[in-house]
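Here the structure is laid out as structure tokens; the discussion comes afterwards.
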Amino acid sequence: MTQPPHPALPSAPEKDALISALLARVAELSAQVTELSGRVRALEGENAALRAQLKLPPKTPDNSSTPPSQGHKPQGEAGRRPKRKAHPGAHRALHPNPTRHAEVRTQRCPHCRTDVSEIAQAAVQAYDRIEIPEIKPDVTRVTLHGGVCPCCTRKFKADPPAGLEPGSPFGPNLRAFVLYLRFAHAISFERLARLLSDLLGLDISEGALVNMLADSRPAFARQASLIRAKLLAGTILQSDETSVRVGKRTWWNWVFHHDDSACFLIHPNRSRAVVEQFLGDVRPDFWVSDRLAAQMGWAKKGHQICLAHLLRDVQYAIDAGDDVFAAPLARLLREACAVGRRRDRLADATLRSYAAKLDGKLDALLRLSPRGSEGGKLLRMTKKFRQHFFVFVTNRDLPATNNGSEQAIRPCVVFRKVTNCFRSEWGAQLYADIRSVLETARRRAIAPLAAIRLTLDRVPLPARA
């Protein structure tokens, strides 16, 4: 049996080529191993960060800027409430300006039926009966007569009475009522048309309501410009912003306010350009806001950040386990707020002494080493904004928090949730102007309907008494 022939051994050049191919493959695999090792280390770091986040407490309205609507109320025990202590009874006070009086006197004694109409009687009981009259539209049909002059043979027509000129059939009171319901109570056009039909017996189409609003734009723009001018004439501004939908885009609803004036502005973004557009060449002495970068750096003398926002961030660091830096910082901020509540009873020198002590305590806290990542983040934030913590202590006109802005902008949030905001840009701008009028009227103790009527009549809102 014959043996198969042995294969021929590779030549020297072939060996060199094989070795080169193997070395190239080894280098390629080594590069892949290095790359995969880097990916593994990155994934391990990401996994560790995610595991650390799992250990962090959830963010709630009490320890972050999460809106209260996204919070969850705790489950309470379904037990009977303890009986409360008795309190003195209360009753409705009599109306200060009754429409009419009904003086009722007894004609006969209810016991023996004797005639007592001529006997002196004193008031023994007084009460009010409140009723509203039947609601129906007051329609005035205006007919202008005319003819031909027998002298010059030219046609003539009577002049319309003042306040009853041709044009829109809807009077100022009805316009003010529609604007009030639409923008103060967030009633949609469909529901508003049905309400006017059911309540007043007046059929108004949604298109007529839109035209009524559009005709009011110049009057409210003028009133809003007057409010803005008075606001910029002061030395203090407070500001905040919230989102709003215009068409299919997210815009931003800004509020600038202080004391008895508030001005709203709806803009496509929340950058510094919005604040610059509102201020123009004016720069106030002091500013109060949260820590949004677009609202920082505008005051000439001092900027007060909101300590309420800061306390919630501090509480989150405490919940995350930092009891070294966050806990004493919370006590210091509450101490500062307590001083602020007593400013009207303290002398200026005392306030300066308190401010120096608070700054000294804050400097001491900044030398501590916090525990955990959230504590470190809080320390870095404190170092960045520490000069804006206690500006309010020596300035009696500055609040310690930006809660005034939150309260001013809350009706805008309700309007957004109820109506889903605006289809057009002019509707958004009209809302900002009307919101400026209504919020300013509230601060100046002016009834909202009266403020709307004054605006439609081109009368500036009176100052607060």
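The values are calculated or read from the model by the stated rules, or taken from the named source; none is laboratory data. Since the model is a prediction, treat every value here as computed from it, not as a measurement. Quick reminder, even Gly has a Cβ in these numbers, built from the backbone with ideal geometry, and neighbours come from all protein chains shown. Surface accessibility is based on the protein's heavy atoms, side chains included, excluding ligands, DNA and RNA. Shrake-Rupley method; radii C 1.70, N 1.55, O 1.52, S 1.80 Å.
Quick look at the values:
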item	result
Stokes-Einstein D for segment 65-215, Kirkwood Rh over Cα pairs, 4 °C, 1.567 mPa s (µm²/s)	54 µm²/s
Qualifying trypsin sites (Lys or Arg not before Pro) in segment 149-229, DSSP loop, other Cβ atoms within 10 Å at most 13	ARG154
Stretchable slack from SER369 to LEU181, in nm (0.36 nm times residue separation minus alpha-carbon distance)	62.1 nm
Anchor LYS85: lysines whose Cα lies under 29 Å away (excluding residues fewer than 8 positions away in-chain)	LYS73
Distance histogram for segment 144-248 (every C-alpha pair counted, 10 angstrom bins, percent rounded to whole numbers)	10, 27, 25, 19, 12, 5, 2
Projected label distance in nm at GLN107 and ASN211, using a 7 Å step from Cα toward the beta-carbon	5.7 nm
Approximate shape of segment 249-297 as ellipsoid semi-axes (Cα gyration tensor, √5λ), whole Å, largest first	18, 13, 11
Distance between modelled label sites at VAL26 and ARG129, nm, 7 Å Cα→Cβ extension	11.1 nm
Along each principal axis, Cα extent of segment 356-396, largest first, Å	37, 15, 11
Highest to lowest packing among 17-26, 361-370, 86-95, scored as the average C-beta count within 10 Å	361-370, 17-26, 86-95
Convex hull volume per residue in cubic angstrom - Cα atoms of the chain	535 Å³
Structure-based [θ]222 nm, the chain - -39500 (n - 2.57) summed over DSSP H runs of at least 4, per residue, nearest 500	-15000 deg cm²/dmol
Nearest 10 degrees, 0 to 90: helix 217-232 Cα axis against the chain principal axis	70 degrees
Solvent-accessible area per residue, Å², over segment 110-235 with all protein chains present [probe radius 1.4 Å]	73 Å²
Extended-chain gain in nm, criterion 0.36 nm per residue less alpha-carbon gap, ASP138 and LEU54	23.6 nm
Inter-probe distance in nm under a simple model that places probes 7 Å from Cα toward Cβ, at LEU94 and MET381	5.7 nm
Residue pairs, from the table LYS301/LYS377; LYS59/LYS230; LYS59/LYS384; LYS230/LYS357; LYS59/LYS248, whose Cα atoms sit over 31 Å apart	LYS59/LYS230; LYS230/LYS357
Folded to 0 to 90 degrees: helix 189-200 orientation relative to the chain principal axis, Cα	20 degrees
Between helix 326-341 and the chain: long-axis angle, C-alpha atoms, 0 to 90°, nearest 10	20 degrees
Net charge dipole size for segment 204-298 [Lys, Arg +1 and Asp, Glu -1 on Cβ; Debye, nearest 20]	340 debye
